[in-house]
Amino acid sequence: MASPGALARATALRREIERHNYAYYVLDAPTIPDAEYDRLFRELQALEAEHPELVTPDSPTQRVGGKPLDGFAPVRHAVPMLSIRTETDTEASGARAFDARVRKELGLDETDLPVEYAAELKFDGLAINLRYEHGVLVAAATRGDGETGEDVTQNIRTVHAIPLRLAIDTPPAVLEVRGEVFMRRDDFERYNERQREAGKPTLVNPRNGAAGSIRQLDPAIAAQRPLSFFAYGLGEVQGWNNTPATHSATLDALAVLGVPVCGERITGLGATALIAFHDDIAARRDQLPFDIDGVVYKVNRFDLQRELGFVTREPRWAVAHKFPAQEELTTVLGIEVQVGRTGALTPVARLAPVFVGGVTVTNATLHNQDEIDRKDVRVGDTVIVRRAGDVIPEVVAVMLGKRPDPAPPRFNILQSYPVCPECGSHVVRLEGEAAARCTGGLYCPAQRKQALLHFASRRAMDIEGLGDKLVDQLVDRGLVRTPANVYKLNLETLAGLERMAEKSAANLLTAIETSKATTLARFIFALGIRNVGESTARDLALHFGSLDKLIAATEADLLAVRDVGPIVAQSIIQFFAEPHNLGVVEKLRAAGVHWPESTGLQQSAGILAGKTLVLTGTLPTLTREAAKEKIEAAGGKVAGSVSKKTDYVVAGAEAGSKLAKAQELGVAILDEARLLALLKPNNKNGQHALDF
Ligand code: 5U1
């Protein structure tokens, strides 16, 4: 038997955890760190494990999901769960028609005042009835046929936004709350991302995510799905003091009880208020954190609702005013690719025209090969296509049951597009990358603007004044096709461009001229080879010393360069394997772009291979970092302390105990000049400092 202290502690923990739950899941404003929440939760779990008699149905520990079920038990609703009439006219006239019907039924004419309405969102999820007895959630059921639903209490308990106990000291004997369980878009995306990473099945859309989770026989699975809830009405009510007289006041009262209620709602007079709400929400629909398929208008006063009554299972006092659907069915006529600014090939489904999200859609993105494989999209398939606002339409899922027989072949980007449809360069897919890419870099028209901007950027060829507005004009007017054309620009051409005064044109020409004298590292970086950033370009320049050596390098040669791995090596090889890219490089050289070349480090590469050096004291010109870089580039290793294994100690001013130790052990000692001489490229035969 639990002590009064244990009981009090369990009660206090429950209250506190539910308070944090409400702040986190309903208000979206966490009040304590996750670790602290976990600590409270674990304390309650431990208490309940020790004293099982302390477990209550409203304990937060009951949210984790119990045993799998064989099926859902039928539940007869105490008050039928009605459906709502849908106004299919998505224009303002839809709201006017509803107002006109209500006024007619209430016997109002033009001389009477406008009717007061409550307007709210039509959530895209699953309708649920929550039954609270004496403030505790005792049952939850789906709508079913309106008379009888399914008992989904176990799964509903896992929805953290739904209170297990109402926040009221003297609760009604019975309070049934009706509303919608749904999944926020960000939760849906995050969930799917995690599933993809784990190689597990993803959810088709947030609505299916919500409905599928609640109708999941294993509550433990439902518990992993991030669901939300908003209330929009009542079922059976017994013993509720001060029952509100209007719909809007009811929702306000539910919010006070801790039940989530959506803030996007208004009360207003007549059709004008309804139309304003409809248009406002339609304009912001895509910015809402969850999907809706329209708005709902309700006569606000309950006495008028009662007067209006029902037709079959639909009340006369409410209507759902739909927005254009965001998902429709259509067929895939073909699959093509679009080449993006970075050379990525995005597969696009060509669709039989379909009206969705307010426009006619004929194309939808398929993202990449992995997505095509995951959804198994094939030409001829019937697919669900989705368009939400400005978002590019996408193929959500294939209706496999409607696949033609015999089944069309799978689509493979590399097989269908071995070369880029824009420039004819080879298409490759590098290991670890989702996208297939065109290797045409500098030459590919689709990548032209991006390639030019990168080429001219400060850390590349540093052509001041060649920014995006100018690049747009130069490329759009066909004046520049590749970076080599930049060196052919003249004053007359430039001065003819928009917003280009003669002075700016002259400055740009000077910048172009100055950029011709560059370094090999900058030039390599400017080429925009995939995976070759500034520091890799520097390493490559240092290692090879000349562009021709880099162009001729094999994979093994490239792998010998510091920090170059197989992916970078492949990118470089593929870039120079493309004759178009070599052509541009040659034209740049012919235009006068030049840099000092050297024999590179690769001849002396390994001059310090296997050698361990220790740096001590202050060197006259080199920083410690610079000295370390040079030693490592020559294959040497820099250690922190001197031992018998040390090959050289490089000593500068105020060298201390390390120098003494080197002398004691007879380790060779170098100064900076000797180190540099050792590392010089013309120290061809690898003469070591000891031989000086
Ligand atoms: N917001 C909201 N959604 N919704 C759906 N209110 C609302 N009311 C409904 C339904 C089916 O039905 C009542 C009008 C009975």
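Just to be sure, is A352 within 30 Å of L430 (Cα to Cα) and either modelled with pLDDT of 90 or more or hydroxyl-bearing (S, T, Y) (or both)? The answer is no for A352.
Among the numbered conditions (1) within 27 Å of L227 (Cβ to Cβ); (2) part of a helix (DSSP H, G or I), the only one that L7 does not meet is (1).
In segment 395-450, what residues are part of a strand (DSSP E or B) and either small (G, A, S) or over 30 Å from V584 (Cβ atoms) (or both)? Even if it seems obvious, please write down each step before you answer.
So in segment 395-450, the residues part of a strand (DSSP E or B) come out as 395-398, 419, 426-428, 436-438.
Across segment 395-450, the qualifying residues are V395, V396, A397, V398, A436.
Could you please let me know if A569 is assigned by TED's automatic domain parsing to the domain that holds V486, of a type outside the set (S, T, N, Q), assigned to a helix (DSSP H, G or I) and within 24 Å of R341 (Cα to Cα)?
Values: assigned by TED's automatic domain parsing to the domain that holds V486: yes; of a type outside the set (S, T, N, Q): yes; assigned to a helix (DSSP H, G or I): yes; within 24 Å of R341 (Cα to Cα): yes.
So A569 passes the test.
Take the conditions (1) within 21 Å of V299 (Cβ to Cβ); (2) open to solvent by 10 Å² or more (accessible area, probe 1.4 Å); I221 misses just one of them, which is (1). The test for being in a strand (DSSP E or B) and either open to solvent by less than 60 Å² (accessible area, probe 1.4 Å) or touching a Ser or Thr at 6+ places or on another chain (Cβ under 8 Å) (or both) does not hold for R196. Condition check for I384 on (1) open to solvent by less than 60 Å² (accessible area, probe 1.4 Å); (2) in a loop (DSSP other than H, G, I, E, B): one failure, at (2).
Table: residues versus (1) basic (K, R); (2) open to solvent by 50 Å² or more (accessible area, probe 1.4 Å); (3) not in a loop (DSSP other than H, G, I, E, B).
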{"site": "L121", "(1), (2), (3)": "no, no, yes"}
{"site": "A127", "(1), (2), (3)": "no, no, yes"}
{"site": "A140", "(1), (2), (3)": "no, no, yes"}
{"site": "G149", "(1), (2), (3)": "no, no, yes"}
{"site": "K200", "(1), (2), (3)": "yes, yes, no"}
{"site": "L203", "(1), (2), (3)": "no, no, no"}
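Applying the set (1) at pLDDT below 80; (2) charged (D, E, K, R); (3) buried (at least 19 other Cβ atoms within 10 Å of the Cβ) to D70 leaves exactly one unmet item: (3). Those strands (runs of 3 or more DSSP E) of segment 233-350 in which 1 or more residues are within 15 Å of the ligand (Cβ to nearest atom) and buried (at least 20 other Cβ atoms within 10 Å of the Cβ) occupy 292-299, 318-322. Please work out if R178 is within 16 Å of the ligand (Cβ to nearest atom), under 19 Å from L251 (Cβ atoms), over 29 Å from the mean Cα position of the chain (by Cα) and open to solvent by 10 Å² or more (accessible area, probe 1.4 Å). In short, yes. Among the numbered conditions (1) more than 24 Å from the chain's Cα centre (by Cα); (2) open to solvent by 10 Å² or more (accessible area, probe 1.4 Å); (3) hydrophobic (A, V, I, L, M, F, W, C), the only one that A211 does not meet is (1).
Does A222 satisfy the condition of being in a helix (DSSP H, G or I), within 16 Å of the ligand (Cβ to nearest atom), farther than 26 Å from A95 by Cα and modelled with pLDDT under 95?
no
A Cβ distance below 7 Å, combined with a sequence gap of six or more or placement on separate chains, defines the contacts here; from segment 74-88, residues that are more than 13 Å from K298 (Cα to Cα) and part of a strand (DSSP E or B) reach residues that are among the charged types (D, E, K, R) and away from the ligand (no atom under 13 Å from the Cβ) in the pairs P74/E150; V75/E150; V75/D151; R76/E147. With respect to being more than 27 Å from A223 (Cα to Cα) and surrounded by fewer than 16 Cβ atoms within 10 Å (Cβ to Cβ), G107 fits the description. In this structure, is E180 in contact with a strand residue (DSSP E or B) (Cβ under 9 Å, 6 or more places away or on another chain), farther than 27 Å from D28 by Cβ and of a type in the set (D, E, K, R)? No.
Here's the yes/no breakdown for (1) more than 30 Å from A119 (Cβ to Cβ); (2) open to solvent by less than 40 Å² (accessible area, probe 1.4 Å); (3) hydrophobic (A, V, I, L, M, F, W, C):
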| site | (1), (2), (3) |
| --- | --- |
| P4 | yes, no, no |
| E16 | yes, no, no |
| L27 | no, no, yes |
| R42 | yes, no, no |
| L47 | yes, yes, yes |
| E53 | yes, no, no |
| L82 | no, no, yes |
| F98 | no, yes, yes |
| V102 | no, yes, yes |
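The values are calculated or read from the model by the stated rules, or taken from the named source; none is laboratory data. As the structure is a computational prediction, the values presented were derived from the model and not from experiment. Every residue, glycine as well, gets a Cβ built from its backbone with ideal geometry; the counts of neighbours run over all protein chains shown. To get the accessible areas, we keep the full protein, side chains included, count just its heavy atoms, and leave off ligands, DNA and RNA. Shrake-Rupley method; radii C 1.70, N 1.55, O 1.52, S 1.80 Å.
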